[in-house]
Each structure stands twice: as C-alpha cells, then as structure tokens.
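Below: one structure, written as structure tokens.
The values are calculated or read from the model by the stated rules, or taken from the named source; none is laboratory data. Predicted, not measured: the structure shown is a model, and the values here were computed from it. Here the Cβ positions follow ideal geometry from the backbone for every residue, glycine too, while neighbour counts run over all protein chains shown.
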C-alpha cells in the first residue's frame with residue numbers, strides 16, 4: 001500500500017470527528033438522538049464545517065444538513081456524498097459521522113481542484129431510528145419516500161416527531177418539498193465503518209460494499225406444559241425451553257452454512273420463569289439476513305421447517321409471526337467498479353463484502369445509483385464507545401473517496 005509520510009487528510013478527518021463528538025445529550029458519554037438539543041448543536045457545527053470548506057450549506061426541513069459545491073458546470077447531475085450524525089445511546093464517535101466528515105474533506109479538496117460537476121454532502125439526522133418509530137426518515141425524505149405517518153409517531157416521553165421537529169427548528173409541512181429529482185443526481189456514495197471484523201482479520205484498511213443485506217424478522221412462541229422440576233420424569237416432559245434451545249442451535253447452524261448469511265435468536269422470554277418449574281412457554285425472535293433475497297428466503301424456510309419438526313417431535317406447538325421482510329439493496333455495479341478502481345489507485349488490494357446492517361444508502365438507492373465503502377474498525381466494534389479507527393485508515397478512505405469522485409466527474 002502506498003502510504004503518505006504525513007496522513008494529512010486523515011488527521012483533518014479525525015479532528016473534525018473529535019469536534020462533533022463534543023455534542024451529546026448525556027455528559028460523559030455520546031448520545032445524540034434525532035431532533036435532540038445535541039443533534040441541533042451537531043447540525044449547526046456540521047453546517048459551519050461545510051461552509052468553511054467552501055460549500056453553501058443549510059439545515060433542511062427534516063433536520064438534515066445539506067452542503068453544495070456547484071463546480072464549473074452547475075447544470076450537470078450532481079454527485080451526492082452522505083451519512084448520518086445521529087447516534088444510538090452511549091455510542092461511538094465514528095458510526096455515521098465518519099462518512100459525513102469524509103464528504104466534507106473530499107469536497108474541500110475537489111473544490112481546490114476545480115471539479116466540473118456539482119457535489120452535495122448530506123448529514124442525515126435519523127438513520128439510527130432510536131428515538132421515533134421511523135425507518136431512515138431523513139434520507140427517505142430526499143429520495144421522495146417519506147411516510148407522513150412518521151410525523152405522528154412518539155418517543156418514550158410521548159413527544160411526537162412533528163412537535164420535536166418544530167422545536168428543533170424544522171418544518172413538518174416542508175418535508176414533501178425535499179424530494180429530489182432523480183435526473184439531477186448521478187450517484188450517491190457513502191463511507192462507513194465496517195461494524196464487523198472482516199477487514200481487520202484480513203489486514204485491509206477499506207472494503208467495497210457489494211450489497212446491503214435483506215432482513216427477515218419474526219416473533220415466535222413455543223407452548224409446553226409447566227410441571228414440578230423435581231417430580232416430572234424427563235421422558236414425560238413437554239419443556240418449552242428445551243425445545244427452543246434446540247431451535248437456537250438450528251438457527252446458528254443453518255445461518256452459518258451459506259456465504260454472507262446470518263441468523264440470530266436475540267430475545268427469549270421464559271414463562272413462568274421459576275427455578276423449580278418446567279418452562280411452559282417461551283417467546284423468542286428470529287433475525288435472518290443475507291445480501292441475496294432468494295438465499296435469505298430459502299434460509300428462513302429451512303430454519304422454520306426444522307423448527308416445526310422439533311416442535312412435533314417434542315409435542316410442543318409452535319407459532320411464527322413474521323413482522324419484517326426488508327429486501328436486500330444491491331450496490332450499483334458501475335459504482336462498485338469505480339470504488340474498486342479508486343482503492344487500487346491508492347495502492348490497496350480491493351475486497352468486496354456485504355453489509356449486515358442497514359444504512360442511508362438503502363433509501364438513497366431509490367433516488368439514484370448508490371455505493372458504499374467500508375473502513376476497518378478495531379475489533380469490528382460498533383454502537384459502542386470502543387469504536388476505533390486509525391488516522392492512517394481515515395487517510396486511505398479520504399483518498400479513495402476523492403479518487404472515486406474524480407473518476408465519476410470525468
């Protein structure tokens with residue numbers, strides 16, 4: 001890998017991220033929920049960064065920060081770069097923010113180069129969907145897919161999104177006007193920490209995302225029969241938890257048999273939940289993900305078929321209630337190739353990998369072709385204060401993004 005003696009771009013990226021990390025709703029840890037006071041402060045700081053980099057920047061009606069550099073030919077379709085500045089509770093400082101700051105730094109460099117086509121950098125405000133029952137609402141607004149019902153959703157304190165947006169300084173009635181015309185945009189690029197360990201294991205600073213996984217989720221329950229833990233013989237038991245334990249193993253095994261698939265039982269509630277009572281019922285969940293929807297549906301079908309067989313053999317009825325079927329989002333092949341060329345140009349081996357988590361690119365892919373670049377994150381840790389990347393990797397990511405934008409502009 002060709003590494004500059006002074007990773008000047010990486011140092012600038014890290015300094016801007018550190019500056020944004022000061023804005024939190026909880027002193028002592030980073031929590032920046034959508035439309036909170038910390039989000040407003042971070043949005044204003046991001047707008048100032050954009051303006052300092054030479055972009056015309058404003059906070060839009062939904063709370064996103066949008067900066068634009070017109071370039072020499074303002075009438076050409078623009079290149080979009082974005083990510084988000086909201087966070088989970090007790091978050092790390094790189095998730096989302098890294099992509100926003102990299103967009104600002106790249107636009108600043110390209111402004112000095114005199115890039116021909118316009119560039120927009122967007123800092124979305126509601127990617128984590130933590131405070132309100134939404135789904136990528138701020139990026140969906142730009143993509144023309146905002147659900148007006150989201151405005152009536154409430155947070156844990158009973159505050160509506162509509163009310164919080166007005167308090168923030170936004171404009172609920174103006175959200176519909178945020179929808180962009182697809183003819184005005186050529187591509188959306190997003191850079192994000194990997195949120196997994198693959199790049200670190202392979203010793204690579206960046207990787208090109210091939211697809212964002214589709215997701216199947218279901219609520220499931222198994223009904224057995226309660227009985228005294230000391231008096232009911234083992235062969236005569238209808239133990240709901242013992243059956244579910246076997247089912248969890250099935251999900252783990254089948255989730256591991258295919259490339260880039262995962263299956264998780266993340267919640268299990270046992271009733272009656274007493275140490276001396278055979279479990280009578282277990283309510284549990286299934287979360288299954290894959291970058292290919294046909295593969296995902298086949299995997300889920302295989303899991304459920306084995307679960308039904310276990311339930312029948314043990315005499316414990318099972319009920320399955322699917323509540324999410326989110327399709328996979330393939331990244332645009334041409335943009336994937338542009339990113340791969342840029343990675344090789346900076347002297348790094350190119351590696352494709354899928355994303356197991358959702359991103360604003362899912363919504364933006366409905367507006368224009370989209371692609372993502374992942375950056376190595378120590379230990380694959382995300383949504384955690386222990387998130388960590390190196391200055392050198394930030395520098396590589398900046399140079400790759402700049403090369404990709406230059407290639408698209410040509």
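Structure summary
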{"quantity": "Top-ranked residue in segment 323-349 [being touching a helix residue (DSSP H, G or I) at 6+ places or on another chain (Cβ under 8 Å) and surrounded by fewer than 17 Cβ atoms within 10 Å (Cβ to Cβ); ranked as nearest to residue 128 (Cα to Cα)]", "calculated": "327"}
{"quantity": "Index of the failed condition, residue 111 passing every other in (1) surrounded by fewer than 16 Cβ atoms within 10 Å (Cβ to Cβ); (2) touching a strand residue (DSSP E or B) at 6+ places or on another chain (Cβ under 6 Å); (3) at pLDDT below 95", "calculated": "(1)"}
{"quantity": "Residue satisfying condition, being in contact (Cβ under 8 Å) with a residue 24 or more places away in the chain and assigned by TED's automatic domain parsing to the domain that holds residue 118, within set 262, 191", "calculated": "191"}
{"quantity": "Flag if residue 316 is under 30 Å from residue 405 (Cβ atoms) and modelled with pLDDT of 95 or more", "calculated": "no"}
{"quantity": "Check on residue 258, farther than 19 Å from residue 324 by Cβ and either modelled with pLDDT under 95 or in a loop (DSSP other than H, G, I, E, B) (or both)", "calculated": "yes"}
{"quantity": "Qualifying residue in segment 334-347 (condition: outside any helix (DSSP H, G or I) and not assigned by TED's automatic domain parsing to the domain that holds residue 245)", "calculated": "yes"}
{"quantity": "Extreme residue, modelled with the lowest pLDDT, among residues of segment 61-70 that are in contact with a helix residue (DSSP H, G or I) (Cβ under 8 Å, 6 or more places away or on another chain) and farther than 10 Å from residue 123 by Cβ", "calculated": "69"}
{"quantity": "Out of 244, 232, sole residue that is free of Cβ contacts under 8 Å to residues at least 60 places away in the same chain, out of contact with any helix residue (DSSP H, G or I) (no Cβ under 7 Å at 6 or more places or on another chain) and part of a loop (DSSP other than H, G, I, E, B)", "calculated": "232"}
{"quantity": "Per-region count, segment 180-214, residues over 9 Å from residue 374 (Cβ atoms) and either part of a loop (DSSP other than H, G, I, E, B) or out of contact with any strand residue (DSSP E or B) (no Cβ under 9 Å at 6 or more places or on another chain) (or both)", "calculated": "12"}
{"quantity": "Failed condition for residue 307, given (1) out of contact with any helix residue (DSSP H, G or I) (no Cβ under 7 Å at 6 or more places or on another chain); (2) surrounded by 20 or more Cβ atoms within 10 Å (Cβ to Cβ)", "calculated": "(1)"}
{"quantity": "Residue check for residue 90: touching a strand residue (DSSP E or B) at 6+ places or on another chain (Cβ under 7 Å), surrounded by fewer than 23 Cβ atoms within 10 Å (Cβ to Cβ) and closer than 11 Å to residue 124 by Cα", "calculated": "no"}
{"quantity": "Test result for residue 47, more than 29 Å from residue 345 (Cα to Cα) and touching a residue at least 12 places away in the same chain (Cβ under 8 Å)", "calculated": "yes"}
{"quantity": "Matching residues in segment 222-259 - criterion: being within 33 Å of the chain's Cα centre (by Cα) and surrounded by fewer than 18 Cβ atoms within 10 Å (Cβ to Cβ)", "calculated": "245, 246, 248, 249, 252, 253, 256, 257, 258, 259"}
{"quantity": "Within segment 156-172, tally of residues that are free of Cβ contacts under 8 Å to residues at least 40 places away in the same chain and either surrounded by fewer than 15 Cβ atoms within 10 Å (Cβ to Cβ) or assigned to a loop (DSSP other than H, G, I, E, B) (or both)", "calculated": "5"}
